[in-house]
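Each reported figure results from applying straightforward, stated rules to the coordinates on display, with no laboratory input. Since the structure is predicted, the reported quantities are computational estimates derived from the model, not experimental observations. For neighbour counting, all protein chains shown are included, and Cβ atoms are generated from backbone atoms with ideal geometry for every residue, glycine included.
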Number of protein chains: 4
Amino acid sequence: MLKRLLGFLRRLSGLRRISVAILGATGLVGQRFVKLLSSHPFFEIKVLTASERSAGKKYKEAAHWLLGGDPPEPASEMIVQETRVEALSDVELVFSSLPSEAALKVEPMLAEQGFKIVSTASAFRMDPLVPMIIPEVNPSHVSMIERQREEKHWKGFLVAKSNCTTMPLVISLKPLLDAFGLRRVVTVSLQALSGAGYPGVQSLDIVDNVIPFIKGEEEKLQAETVKILGEPFRPLNIPVLASVNRVPTLDGHLLHVFAELEKDFEPEEVKRVLREFKPLPQRMGLYSAPDPVIQVRDEEDRPQPRLDRDYKGGMGVVVGRVGKCNSLTVKYAVLSHNTVRGAAGGSILVAELLREMRLV
Amino acid sequence: MLKRLLGFLRRLSGLRRISVAILGATGLVGQRFVKLLSSHPFFEIKVLTASERSAGKKYKEAAHWLLGGDPPEPASEMIVQETRVEALSDVELVFSSLPSEAALKVEPMLAEQGFKIVSTASAFRMDPLVPMIIPEVNPSHVSMIERQREEKHWKGFLVAKSNCTTMPLVISLKPLLDAFGLRRVVTVSLQALSGAGYPGVQSLDIVDNVIPFIKGEEEKLQAETVKILGEPFRPLNIPVLASVNRVPTLDGHLLHVFAELEKDFEPEEVKRVLREFKPLPQRMGLYSAPDPVIQVRDEEDRPQPRLDRDYKGGMGVVVGRVGKCNSLTVKYAVLSHNTVRGAAGGSILVAELLREMRLV
Amino acid sequence: MLKRLLGFLRRLSGLRRISVAILGATGLVGQRFVKLLSSHPFFEIKVLTASERSAGKKYKEAAHWLLGGDPPEPASEMIVQETRVEALSDVELVFSSLPSEAALKVEPMLAEQGFKIVSTASAFRMDPLVPMIIPEVNPSHVSMIERQREEKHWKGFLVAKSNCTTMPLVISLKPLLDAFGLRRVVTVSLQALSGAGYPGVQSLDIVDNVIPFIKGEEEKLQAETVKILGEPFRPLNIPVLASVNRVPTLDGHLLHVFAELEKDFEPEEVKRVLREFKPLPQRMGLYSAPDPVIQVRDEEDRPQPRLDRDYKGGMGVVVGRVGKCNSLTVKYAVLSHNTVRGAAGGSILVAELLREMRLV
Amino acid sequence: MLKRLLGFLRRLSGLRRISVAILGATGLVGQRFVKLLSSHPFFEIKVLTASERSAGKKYKEAAHWLLGGDPPEPASEMIVQETRVEALSDVELVFSSLPSEAALKVEPMLAEQGFKIVSTASAFRMDPLVPMIIPEVNPSHVSMIERQREEKHWKGFLVAKSNCTTMPLVISLKPLLDAFGLRRVVTVSLQALSGAGYPGVQSLDIVDNVIPFIKGEEEKLQAETVKILGEPFRPLNIPVLASVNRVPTLDGHLLHVFAELEKDFEPEEVKRVLREFKPLPQRMGLYSAPDPVIQVRDEEDRPQPRLDRDYKGGMGVVVGRVGKCNSLTVKYAVLSHNTVRGAAGGSILVAELLREMRLV
């Protein structure tokens, strides 16, 4: 009792940071977690895990560090653990960037044992009992956790973030859905190389080239969009048609969107609605919440991956080229950083929301 | 009379090649003309023109040759002329790859003086009296020339080819229009750097980047598609929604297409219809006509610019990723070489059609 | 007298910032100046100049901003002036990133009128009376200013920084020269696109390509190296053989160096000497001086432009691949950020040195 | 006896093609072999081998075809075999593009059993009994085969081609060695992605980047150059200092060379000597021998990989930027296609030489 009180006070006073583990810490998304959490005020990296091959090495030796310079201290000197329960004893919150196959096995096992997990893996995103949360869009889906615990008999819980490409699509659609209603979405993406992780795409496949295909991505875009935009346990009932491409950019997923609305509109209205979008995380002032979350640019040639992916440290979403196709169809382009907002950063924002709600 | 008879016999026997000029020969499209016409059986380069700055120099010195190695003989040694009527005295057919502004002034003047012009410029494409011809799609539009001459009081004539991005879109839509009917098209393009000509896109703007905008291109895609797919003087009445991108590939424009048909369909039917498409130029056996003009690939990750742009020497069109979105909407990706099929090669095919029809 | 005293006190107390102008502020190097000076403790941007075309516009409208997002406040809202004396009335220090031709005319005129100029232009670098200063290498060359003023009858003065490629070469050679002596240098560079400014290199010239030539660059590398490594007015007498390349990287010039020393050496000794290099600016603690200025990496595949160009905010120099070719020849690779350390940042460091020496 | 006579007559008359196998046929170099040999007048592909994983599949399904379009007929329909002796029963000549480790085991075993092997692998290049042959440079090394067979007790034999980077270096050095003598070579390479094979270099490692290291490459450049330029069994005794880079080009290795000669020279003399170089294969008129083998360009910015790698179908070598550093040191840049001249094509030329010498 005293301990809980103390913990509560500590949280309030911000004196104590929550101990976290990063699973799959040597991968590309894991590296983003390490970078973002190394200076985070509420979370403290206690454990870094990776595959057997990396276990036992210092993080700086185990990770093929791709973010420039060297991994930040003190993570760089931490010894990487194998991804096993034993490694996680003192951990209060688990960020999982495991490959899907490993996530399928490890995550439910950890949730059962009482761990609280925020996962970037696609393994359980479409599980009807797992909320897929973008804090700006569907924070109310946090309520699904309760039923999840009951039905799955888990002491902990599992929350997913969406696919990195779904993220900017859904964040830009949400204010349109609220203001104008949505009938149908057609989208084509141009996705960065880092979206495929490391090793990922071979240079011989992508230099002077574009690949009009990413395995499973179009299906994810369609299914995740309606799950997130819907009510808990009740997806939105609209068609989402998608074609995807891999292009030779390092970071930043760009989508062209044709959205059929339920009401007539003016482009300036759409821009205003996007600019004024101030959802829960921004109103709460969550630490990693970009404000405004959507930047709307008026230039005719933006957003561009290299110029706009770092808006608000990579946590924001940039919209441009808003135009009217016909009385009901608006078109625009939207971009966000796929490994920050679309993966590690997006997950950290979920964790900040959970913390604010006293769930971690 | 005798002369005409002789000419006729020569043409029949193939002994004589038609003398042609290339206007704007030092530009990127001009270079493709030079390359393709240097070994053409029916056309012979007699005159190469360019701006004042290049005039008087050998072609190999005037052109910043971008196609590898050196310009072909004998063009490489020809003296570049300034783009003026005087330079064209012995020329029977003019291929114009002038910049739009120059084309606006020069082309009508030449047509008035009796020259027969096939132009890659956008200047007159939307002129209601100028046929914009893709031989596989609308060869009947050649008939517009008669009224053009009358109403414009031209002794010669002017025929345009379409925008390089319109080309693969329209060639792939034509058999679908014929077989299933068309209600609506949504398309997003990924366009190569050579589409912007030379100098064109700065490397600092495009390395590790994508630009979601090309000036005037979306409007062209919309307007040209319906003009070409329609009857002479009567555009097809369907909406074409387009968003365009410049991507860091050298050659090859890729489009994702969502086409709403008038009839239900099976993907395999669509593939069959595309594969069996054998329009006039292929039936006539025109020299540059690729056969089949459309290659349909079954792999899930094709067409790709670098791997597929050279199909049939860059004159063919490659379709892939054919899929069914819903009962009426088919989606697919389509690619063609923008400076061969989409510009110089496409114009040469038009000229071969005109020659076969005894118009040049 | 009182005023000078006050100025002195202000400088000491850091209350007053020196008013500076950036000439050529819309160019790529000008943009780096704007970015670096927008948060500089000692310098305050008062005037931004550019060509006639940009004059009268807000900076954010005049500059094709290439550094991501938007130009920083308050520069973004400043009105760009034409590059003329009248615009500079309240300015104490001038950073010139003018194109060479403009610099040739403008800089001496300004120096004559009393302006203190630090220039990134190549125009006067090889002028025997103009010191070309890399603060870590030849701070004593500041003494050349006195004779410069006398002989040129200038009220102000002109100091140059070196070519962006010379910078990492010379910084890495200096400690070797001091410790081992130098007989001969052979170097081959791989230079980034931003080194050519904007517009600079066309994408069609460099995608899937390398250009083994940069106009005047090899000559500069040779001449500047010996000028900087020598005494004031007395260049070092050693041969410097150079071949240069433009490669498709955005930022960061990489050089391979084969240096023939005067003494036998062990690679570990060379590494130690480089690591322990702590020249004047680092000892003085100049604001922009990276410490250590040289990072020596032990991995076999570093430095790499994308991973290492931002070492110490782009002000440091990264060396790797130190090896012994024979008893006297050491080889290594060295990298620095060409528009930060190699241009704007390098010039600001010069200005900080001049300020510390009470010359501005 | 009759059979040999018949064979002789067939060879003379060119009626019969020699049956060849390609080991490692699905790899990138294997693909070049398939492409080049599919239309070769003297060699006929009979067997394609690859790893266990590919065995049993049609070639077009087993190979991730990277050369554009589809693999040529009839190879595309051939069934890939596992790399075992049993698969090679009817084969007269073996082209091996096995990975080094596999080559180490397989090649001697095949040579022992009587197979004649031309190998692109590095496994045995530095074996003192294995000739490493560039037909233009050291055709006399073919004579080493006799001693090889004796000492190794092989019924067949093994001939290597050099590393792909050594190739242009040595071809350009040979005429200089003959005309001026050679004292010392310093070289820095910029090597294409295809040199690393497939999968090879990850896109995340090389987009907007350069890697100043390739495992083992500098050592190979040094050792191979002196072995090839020397007499059989007696390497040339000069130092070769090399630094290497991987750059984001698809094909074409570029080298900057500083060569110290034994005699004074004029750049024009060097150019003449290179241009007039007409070694044995060119004098013999071997089918794949480019003539002239060396193209010397006078432009200040050539050779460039994308513009010059296809000189003579990728079999030639392009030199440019010839200049004089001092009385004895000439500098130049040299380029050749690394998977054609530098690998498959270079090996085929070796085989043509062996055929001409009646060794296959």
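A few comments on the model shown:
- Given R0 = 35 Å, the distance between the Cβ atoms of A:Glu146 and A:Asn237 translates into a calculated FRET efficiency of 0.90.
- The loop-placed GluC sites (Glu not before Pro) in the range D:50-117, going by DSSP, that have at most 16 neighbouring Cβ atoms within 10 Å of their Cβ come out as D:Glu52.
- Across the range C:166-337, C-alpha contacts under 8 Å between residues 6 or more apart give a mean separation that, scaled by the residue count, equals a relative contact order of 28 percent.
- Neighbour counts of C-beta atoms inside 10 Å place C:Leu241, C:Leu353 in the sequence C:Leu241, C:Leu353, starting with the fewest.
- Rg/Rh, computed from the Cα trace of the range D:168-307 with Rh as the Kirkwood radius, has the value 0.98.
- Listed values for the range B:151-166 are Karplus-derived 3J(HN,Hα) couplings in whole Hz (6.51 cos²θ - 1.76 cosθ + 1.60, θ = phi - 60°), namely 6, 9, 6, 9, 7, x, 7, 9, 10, 9, 9, 7, 4, 5, 7, 5, and x replaces Gly and Pro.
- Annotation: lysines with alpha-carbon distance below 24 angstrom to B:Lys152 (same-chain offsets under eight excluded): B:Lys105, B:Lys116, B:Lys161, B:Lys220, B:Lys227.
- Once the trypsin sites (Lys or Arg not before Pro) in DSSP loops with at most 16 neighbouring Cβ atoms within 10 Å are cut out of chain D, the longest remaining piece is D:264-357.
- Taking the number of Cβ atoms within 10 Å of each Cβ as an exposure proxy, the fewest-first ranking of C:Met109, B:Met126 is C:Met109, B:Met126.
- Where labels lie 7 Å past Cα in the beta-carbon direction, separation of D:Tyr287 and C:Asn326 in nm: 4.4 nm
- Our note on the geometry: Cα centres of the range D:176-254 and the range B:140-209, 46 Å apart.
- Partner lysines whose Cα lies under 18 Å from the Cα of B:Lys35, excluding those fewer than 8 positions away in the same chain, are identified as B:Lys46, B:Lys58, B:Lys60, B:Lys312, D:Lys312.
- Inter-copy label distances at D:Glu150, using a point 7 Å along Cα-to-Cβ, come to 8.1, 9.1, 9.4 nm with the shortest given first.
- Taking 7 Å steps out from each Cα toward its Cβ at B:Glu269 and C:Gln113 produces label points 7.8 nm apart.
- Computed on chain D, with alpha-carbon pairs under 8 angstrom and 6+ residues apart, the relative contact order is 16 percent.
- Backbone N under 15 Å from the B:Ser19 label point (7 Å along Cα→Cβ), restricted to the range B:83-101: B:85-95
- Amide hydrogen neighbours beyond the local backbone of C:Leu158, cut-off 5 Å, H modeled: C:Ile117
- For the protein assembly as shown, the fraction of C-alpha pairs more than 57 angstrom apart is 25%.
- Hydrodynamic radius of chain D by the Kirkwood approach over all distinct alpha-carbon pairs: 20.7 Å.
- Order of B:Trp154, A:Trp65 - criterion: other Cβ atoms within 10 Å of each residue's Cβ, fewest first: A:Trp65, B:Trp154
- Greater than 24 Å apart at Cα, pairs in C:Lys324/D:Lys174; C:Lys331/D:Lys215; C:Lys174/C:Lys331: C:Lys324/D:Lys174
- Inter-label distance, nm, simple model (7 Å from Cα along the C-beta direction), B:Lys105/C:Arg53: 2.0 nm
- Our summary gives the range A:260-360 a relative contact order of 27 percent, counting only alpha carbon pairs under 8 angstrom and 6 or more residues apart.
- Distances between placed amide hydrogens fall under 5 Å for C:Asn338 paired with C:Gly252, C:His253, all partners being 5 or more residues away or on another chain.
- Taking the axis that rotates chain C onto chain A, the chain C residue nearest to it by Cβ, with the distance rounded to whole Å, is C:Asp208, 2.
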